[in-house]
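Asker: Okay, here's the structure, questions in a sec.
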Amino acid sequence: MKPRHKRLALIAGGVASVALAAALVLNAFRSNLVFFFSPTQIAAGEAPKDRAFRIGGMVESGSLKRQADGLTVRFVVTDTAKSVPVVYIGILPDLFREGKGVVAQGRLGPDGEFRADEVLAKHDENYMPPEAAHALEQAQKAQKTVKTN
């Protein structure tokens, strides 16, 4: 094999290696990407059926129900326009309360119930996740335009 052909083979091998590494990194990034949806978006059918995503809003007052096993919790997340029932098996954060902001990560079941794998509560009185605050703001604007028409 001539030196020129050896160089060409090395360059082709290097380009193939870089392309393979880039494909693996992008695939890992895509599989770990988690999108945020509001209850209004979920009700409109915008949420994925086959992937995990996050839902955010307020825990509806009077919706928190604990099962006899002590770990299963059911509650409703609302953005003041639409509501989505959530079931979570595990220990809730200490700051989790009805009427407070929450973000839950999981999957939407075929029955429309969100099955959470993780529940996050806000950490102080003034904080709300930016996505949840934006979703609540959009839902309130939509409600005002419906009422005025």
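The values are calculated or read from the model by the stated rules, or taken from the named source; none is laboratory data. What you are looking at is a predicted structure, and each value in this text was computed from that prediction instead of being measured. Don't worry about glycine lacking a Cβ; one is built from the backbone with ideal geometry, like all the others, and counts go over all protein chains shown. SASA here: full protein model, heavy atoms, side chains in, ligands and nucleic acids out. Shrake-Rupley method; radii C 1.70, N 1.55, O 1.52, S 1.80 Å.
Asker: Quick one: ranking M58, M1 by accessible area, 1.4 Å probe, largest first, what do you get?
Answerer: M1, M58
Asker: Here's something else I'd like to know. In a Gaussian network model over the chain where Cα atoms closer than 10 Å are linked, find which of V73, V86, V59 has the largest mean-square fluctuation.
Answerer: V73
Asker: Run the accessible area of the chain with a 1.4 Å probe and give the carbon-and-sulfur part as a rounded percent. List each step's numbers first, then the result.
Answerer: On the way: 5780 of 9840 Å².
Heavy-atom surface of the chain belonging to carbon and sulfur, 1.4 Å probe: 59 percent.
Asker: Just subtract the alpha-carbon distance of D111 and H134 from 0.36 nm times their residue separation and send over the number in nm, one decimal.
Answerer: Net length gain for the segment: 5.6 nm.
Asker: Answer rounded, prolate or oblate for the stretch 24-84, using the Cα gyration tensor with square roots of eigenvalues a ≥ b ≥ c: rounded when a/c is under 1.5, else prolate when a/b is larger than b/c, else oblate.
Answerer: On the way: a/c = 3.18, a/b = 1.58, b/c = 2.01.
Note, shape of the stretch 24-84 comes out oblate.
Asker: Within the chain, what's the longest stretch lacking chymotrypsin sites (Phe, Trp or Tyr not before Pro) that sit in DSSP loops with no more than 16 other Cβ atoms inside 10 Å?
Answerer: Excluding the exposed sites themselves, the longest stretch runs over 36-126.
Asker: When the Karplus curve 6.51 cos²θ - 1.76 cosθ + 1.60 is applied with θ = phi - 60°, which whole-Hz ³J(HN,Hα) does each residue of the stretch 79-92 get, with x for Gly and Pro?
Answerer: 10, 6, 10, 10, 10, 10, x, 10, 10, 9, 10, x, 8, 6
Asker: Under the rule a/c < 1.5 gives rounded, and otherwise a/b versus b/c splits prolate from oblate, where does the stretch 47-114 land using the Cα gyration tensor?
Answerer: oblate
Asker: Measure nothing but the geometry: give the 0 to 90° angle between the long axis through the Cα atoms of 3-32 and the longest principal axis through the Cα atoms of the chain, rounded to 10°.
Answerer: Roughly 10 degrees between the two axes.
Asker: How far apart, in nm, are the 7 Å Cα→Cβ label points at D69 and A44?
Answerer: Calculated label separation equals 3.5 nm.
Asker: Between 0 and 90 degrees, rounded to the nearest ten: what's the tilt of helix 130-148 against the longest Cα principal axis of the chain?
Answerer: Once rounded, one gets 50 degrees.
Asker: Work out, in µm²/s and without decimals, the Stokes-Einstein translational diffusion coefficient of the chain at 10 °C, 1.306 mPa s, Rh from Kirkwood over C-alpha pairs. The partial results should precede the final answer.
Answerer: Numbers: Rh = 17.9 Å.
Taking Rh from Cα pairs, D becomes 89 µm²/s.
Asker: Among the listed pairs K82/K144; K65/K141; K100/K144; K82/K141; K49/K141, which have their C-alpha atoms separated by more than 24 angstrom in this model?
Answerer: Details: K82/K144 14 Å; K65/K141 30 Å; K100/K144 22 Å; K82/K141 13 Å; K49/K141 27 Å.
In this structure, K65/K141; K49/K141 lie more than 24 Å apart at Cα.
Asker: Multiplying the sequence separation of S61 and S17 by 0.36 nm and subtracting their Cα-Cα distance, what value in nm do you get?
Answerer: On the way: separation 44, 0.36 × 44 = 15.84 nm, distance 5.51 nm.
Stretched fully, the S61-S17 segment lengthens by 10.3 nm.
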